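Engineer: Here it is, the structure in full.
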Amino acid sequence: MAHLQGRERAVYVRDMFDRIAGRYNLMNRLMTFGQDLKWRRFVVQQARLPAGGRLLDLATGTGDIAFEALRAVPDLQVVGADFSLPMMRVGQGLTDGGRVGWLGADALDLPFPDNTFDAVTSGYLVRNVIDIPRTLQEQLRVLKPGGRIVILDSAPPPDNLLRPFILFHLCFVIPTLGRLVSGDAAAYEYLPSSTQAFKTPNELAAIMRAAGVANVQYRTFMFGTMAVHWGEKTA
């Protein structure tokens, strides 16, 4: 699962999200004790979206960040892009689903002209892509000068006194919930394994800077297991 590489990994991740689309939102609420709603609001705050602006929400899934952005800026133009069509079909059926432009797209090869969007957001994208610098460079390309990239993703549990309890939640509670709620324990075994194998917040910030993102900052949540990173396109 988390050890898969290249195209094999991309196909596995897409198929996994296709399978769990119907229960994805419910599982997010249960796994995070409802805290994911707060994190998405923070993502939108850091995007600094202008009235009448344009937002690209990558790995939009069922549209949680896209809908939060529309609540914050009602006249926003939002494109939600993902490679899992079943996830987006769930989002289309939700309240305000018709206000989002849904698009099947590859985060490594975005189908937009340069300098199109005021902000690019993503939730749980970078942990799952096969080339993090490439997706960051694509986001910078389609972003207007001065626009912001904002990334929400999980982070490896910090090495502190809480680590054993966090690992128990990741490795036992979440797969059990996944089996009971979604009927797909394997998908929720991938989450803890990919989280533990992912970059630390400092490492991801360094990758962003190396890719050309300016003024990179981040904030962690949920005992350091979730992080929101943000930065800007300077030119």
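The numbers here are math on the coordinates, done by the rules we state, and not lab data. Quick caveat, the model's predicted, so the values are computed rather than measured. FYI the Cβ positions are ideal-geometry reconstructions off the backbone, even for glycines, and counts take in every protein chain you see.
Engineer: How big is the antiparallel share of DSSP beta bridges in the stretch 1-146, given as a percent to the nearest 5?
Structural biologist: Close to 5 percent.
Engineer: Turning to a different aspect of this structure: Could you compute Rg(Cα) / (2.2 N^0.38 Å) for the stretch 67-175, with N its residue count?
Structural biologist: So the Cα radius of gyration is 1.28 times the expected 2.2 N^0.38 Å.
Engineer: Restricting to Cα pairs below 8 Å that are 6+ residues apart, what does the relative contact order work out to for the chain? Please round to a whole percent.
Structural biologist: 21 percent
Engineer: Give the Cα extents of the stretch 53-104 along the principal axes, in whole Å, largest first.
Structural biologist: For the stretch 53-104, the Cα spread along each principal axis is 26, 19, 13 Å.
Engineer: Pull out the extension gain between LEU167 and ASP18, defined as 0.36 nm times the separation in residues minus the alpha carbon to alpha carbon distance; nm, one decimal.
Structural biologist: 51.0 nm
Engineer: Next up: Going by average Cβ neighbours within 10 Å, how do the peptides 175-182, 65-72, 50-57 rank, with the highest at the top?
Structural biologist: Averaged packing, sorted descending, gives the order 65-72, 50-57, 175-182.
Engineer: So what's the convex hull volume per residue for the Cα atoms of the stretch 144-235, in Å³?
Structural biologist: 106 Å³
Engineer: Would you please name the chymotrypsin sites (Phe, Trp or Tyr not before Pro) within the stretch 202-235 that are DSSP coil residues with at most 16 other C-beta atoms within 10 Å of their C-beta?
Structural biologist: Passing sites in the stretch 202-235 are PHE223.
Engineer: To one decimal place, what Kirkwood hydrodynamic radius in Å is obtained for the chain from all pairs of distinct Cα atoms?
Structural biologist: Evaluated over the chain, this radius sits at 17.7 Å.
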